[in-house]
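Presented below is the structure to which this report refers.
Where a number appears in this text, it was derived from the coordinates with a stated rule and is not lab data. Source: prediction; values computed, not measured. Please note: Cβ atoms are built from the backbone with ideal geometry, for glycine as well, and neighbour counts cover all protein chains shown.
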Amino acid sequence: MAWRFALMIDPAEPDDARTDFTPTFTEVDPAAPALSVGELSTQRGDGIFESVGVIDGHAQEVQAHLDRLAHSAELCDLPAPNLEQWREAVALAESRCGPGESVIKLILSRGVDHGPAPTAWITAARAADFSQVRVRGVRVVTLDRGYDSGVPARAPWLLLGAKTLSYAVNMAAIREAKRRGADDAIFVSSDGIVLEAPTASLILRIDDVYLTPAPNGGILQGTTQLSAFAWLEQQGLATEYRDVPTTQLHTADAAWLVSSVRLAAPISEIDGTPIAIDADFTARLNEYLLSPRD
């Protein structure tokens, strides 16, 4: 990924009411070193992030991403971000993106080990080309996440509802899926409840109802899934949040992985069982997701 823009942020207090945060920003060369060797984001993955899709210079669903950044900060005991400061930083980054699809990343870490303040920065780069994936779909396998569905309530320190920088397990799951001949994975609990993909939310269509696993402490609430559900409801289609047993995955007449940059990728196969791709519907959904959305 070729980075085109990077901005270090001096985090402001959440109640800082200034209208111009420009003095708190420092643009840096995205190809040059910018972090200390004591930075806890790289030493321990101790931080949070958001990936914001950008279409033709328009950052998508910024408020939803900022809200989730604040939620993750609260779960991780990080200082509350000043959302207006981050909104201004996003606006500066999106102005550097140009035509086509890009991605803006927001990162907030605990900072340098024993340091006085958190570290914050934002980057922008051209997004990978997912145009073919949105048409041909992805093959997925189910992978046991290693805990039962009651763990999030019993062990909130696992941070299962936060978007943290600790993504080693997520990446390992995708590698395991590829070793099994698939493209991606769907996590399931050890007691047989469907969760989410390593980097995406799951939407299933069963009996003309579009459903997604219930958003609880074990699932990251997807900004693209929220937007897709709003669009579905505008079309007069039924949506539902509920616990989905793993056994119901193969009863779906269509399914999608959705995320901010990949958008809607139809699932063509689950654990070796083919799933029909609704090409027309998927095209309409992606047309909406590619349109400017705030």
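Based on the alpha-carbon gyration tensor of the stretch 165-294 and its eigenvalue square roots a ≥ b ≥ c, which shape applies: rounded if a/c is under 1.5, prolate if not and a/b is larger than b/c, or oblate? Rounded. Each Lys or Arg adds one and each Asp or Glu subtracts one; over the other residues with Cβ under 13 Å from the Cβ of residue 173, this totals 0.
Using only the Cα atoms of the chain, build the gyration tensor, take square roots of its eigenvalues as a ≥ b ≥ c, and label the shape rounded, prolate or oblate: rounded if a/c is under 1.5, else prolate if a/b is larger than b/c, else oblate. Intermediate results must be reported in sequence, preceding the final value.
Values: a/c = 1.84, a/b = 1.46, b/c = 1.26.
It is prolate, given that a/c is not under 1.5 and a/b is the larger ratio.
The stretch 228-266 and the stretch 29-69 have Cα centres separated by 27 Å. When each of the peptides 107-113, 235-241, 248-254, 219-225 is scored by the mean number of other C-beta atoms lying within 10 Å of its residues, the order from highest to lowest reads 219-225, 107-113, 248-254, 235-241.
Comparing 169, 138, 188 in a Gaussian network model of the chain (Cα springs below 10 Å), the most mobile by mean-square fluctuation is 169.
Here the stretch 133-289 carries DSSP beta bridges of which approximately 55% are antiparallel, counting only pairs with both residues inside.
Could you please report the charge total around residue 30, scoring K, R as +1 and D, E as -1 over all other residues with beta-carbon less than 15 angstrom from its beta-carbon?
On the way: positive: 4, 96, 105, 126; negative: 27, 29.
With Lys, Arg at +1 and Asp, Glu at -1, the net is +2.
Compared with the alpha-carbon gap, the fully stretched path from residue 20 to residue 271 is longer by 85.2 nm at 0.36 nm per residue. Decide, for the stretch 27-149, between rounded, prolate and oblate: order the square roots of the alpha carbon gyration tensor eigenvalues as a ≥ b ≥ c, take rounded if a/c falls under 1.5, and otherwise choose prolate if a/b is larger than b/c, else oblate. In terms of gyration-tensor shape, oblate. Other residues lying with their Cβ under 12 Å from the Cβ of residue 43 contribute a combined charge of -1, Lys and Arg counting +1, Asp and Glu -1. Within the stretch 56-76, name every residue whose backbone N is under 13 Å away from a label modeled 7 Å from Cα of residue 235 along the Cβ vector. What the label zone holds, given the 13 Å backbone N cut-off, is no residue at all.
If you take the beta carbon distance between residue 172 and residue 84 as r and set R0 to 41 Å, what does 1/(1 + (r/R0)^6) give as a FRET efficiency, to the nearest 0.05?
E(calc), rounded to 0.05, equals 0.65.
Given the options 230, 93, 127, state which has the largest fluctuation in a GNM of the chain using a 10 Å cut-off (strictly under) for Cα springs. In this elastic network of the chain, the residue with the biggest mean-square fluctuation among 230, 93, 127 is 230.
Might you report the magnitude of the Cβ-based charge dipole of the stretch 133-289 about its Cα centre, with Lys and Arg at +1 and Asp and Glu at -1, to the nearest 20 debye? Provide the component values of the computation, followed by the final result.
Working: 14 positive and 18 negative charges, 130 e Å.
For this selection, approximately 620 debye.
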